[in-house]
1. So how tilted is helix 307-320 from the main axis of the chain? Cα-based, degrees 0 to 90, rounded to 10.
2. Relative to the longest principal axis of the C-alpha atoms of the chain, give the angle of the C-alpha long axis of helix 73-87, reported between 0 and 90° and rounded to the nearest 10°.
3. Restricting everything to alpha-carbon atoms, can you work out Rg to Rh for the chain with a Kirkwood hydrodynamic radius?
4. Starting from the Cα of Arg169, step 7 Å along the direction of its Cβ; do the same at Leu111; then give the gap between the two resulting points in nm.
5. Counting only helical runs of four or more DSSP H residues, what would the 222 nm mean residue ellipticity of the chain come to if each run contributes -39,500 (n - 2.57) and the total is spread over all its residues?
6. Relative contact order of the range 235-321, please, whole-number percent, based on alpha carbon pairs below 8 angstrom and at least 6 residues apart.
7. Residue-wise, which Karplus ³J(HN,Hα) couplings in Hz belong to the range 152-166, taking 6.51 cos²θ - 1.76 cosθ + 1.60, θ = phi - 60°, and x for glycine or proline?
8. For Val7, what residues show an amide H to amide H distance below 5 Å, using hydrogens built from the backbone and excluding near sequence neighbours?
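A short reminder: the numbers here are calculations on the coordinates, not readings from a lab. Model, not experiment: these values are computed from the prediction. Glycine also receives a Cβ, built like all others from the backbone with ideal geometry; neighbour counts cover every protein chain displayed.
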Amino acid sequence: MSKNVLVVAEKRNGSLRNVSFEALAAAKEIAAGGKVTAVLFGQGDNVDANQLAQYGADQVYLITNEELNAYSTDAFSQAFTEVFQIVNPDAILLGHTALGRDLAPRVAARLGLGLVSDCTAIEVNGDEVVFVRPIYAGKAFQKKRVTDGIIFATIRSNNIAKGEPDAGRTADTIEYKATIKDIRTVIKDVVRKTAGTIDLTEAKIIVSGGRGVKSAEGFNPIKELADALGAAVGASRAACDAGYCDYSMQVGQTGKVVTPDLYIACGISGAVQHLAGMSNSKIIVAINKDPEAPIFKVADYGIVGDLFEVVPMLTEEFKKV
Ligand code: FAD
């Protein structure tokens, strides 16, 4: 049976996030011929609506209200509840982003729905929708089937293919002013702390440094390799704790969970808490001077050597390509 699926799209630094397109691809599969509605809270425009249409939205709600110009749980969950009542979806998908992780449980509790979070794959067999999600810090995968009520899930970035945009596709675009009241928090200013221009959680390539870089300056060769590859820069917690880099770069259990196509770990031992954030990367390359370092157990390619010799050599070679 076809389903009516609602996708909460998200913008970051003025552009729609990739994970929103990935959620639309998943939504199309779940909808099985039914309607896919995308919703964008605050600061959405017709350019965004067209892009969402090209990736599979049949209908786009651009929700306006000055309370939605910056994220707050209060305002977004109220606006979401309003849209939910209008669209009356059979399924809801969000990215498993900072916003999705905050908004989805709040809304699920408000609406009395179950929530399957951090899904990396979806299997649709007729009416049955099964979500695959990593558990035990990525050591095992759990399959969850929603047997009753509205399907509600968050999708981890870089796992579900977003497909090619269809330039000829259009969607009905509806501008809607949400009624938001009794807000308990006021966002006065948003100060962005970024790990670089490329968002770690959506990066296709990440070069990460650990305690082995030995200093803030030691991160320079890591950054140069990242530049040569068009990659984002990540770090272990030990590197952040030592003050070599900002915590926004931390990958791991208490940092960001990433799933790039290529993860290059430089001077990182491979502690279980770090692996929790990157072991699902498609290809892992480890550079470490200790041949016994646990990172080599999860690496597809390992280079035993001094990162200060190996990394600049790689940078030079990649610059030639
Ligand atoms: P180390 O373990 O000290 O490893 C440094 C590595 O660099 C060594 O393998 C060494 O051989 C190599 N090396 C040194 N010099 C060179 C060189 N010149 N060339 C090549 N290799 C060199 N950690 C995270 O990363 N992310 C998390 O989210 C996280 N969350 C945590 C949560 C909890 C509750 C706890 C208890 C810990 C957490 N940790 C986390 C910390 C984790 O346990 C490790 O301490 C940390 O990951 C180690 O970082 P590291 O590999 O950079 O440092």
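1. Long axis of 307-320 versus the principal axis of the chain: about 60 degrees.
2. Value to nearest ten degrees: 50.
3. Reported Rg/Rh (Cα atoms, Kirkwood Rh): 1.00.
4. 2.1
5. Result for the chain: -8500 deg cm²/dmol, rounded to the nearest 500.
6. Rounded, it is 21 percent for the range 235-321.
7. Rounded to whole hertz, the list is 9, 8, 10, 10, 6, 4, 6, 10, 9, 5, 7, x, 8, x, 9.
8. The list, which skips near neighbours in sequence, is Thr37, Ala38, Val39, Leu93.
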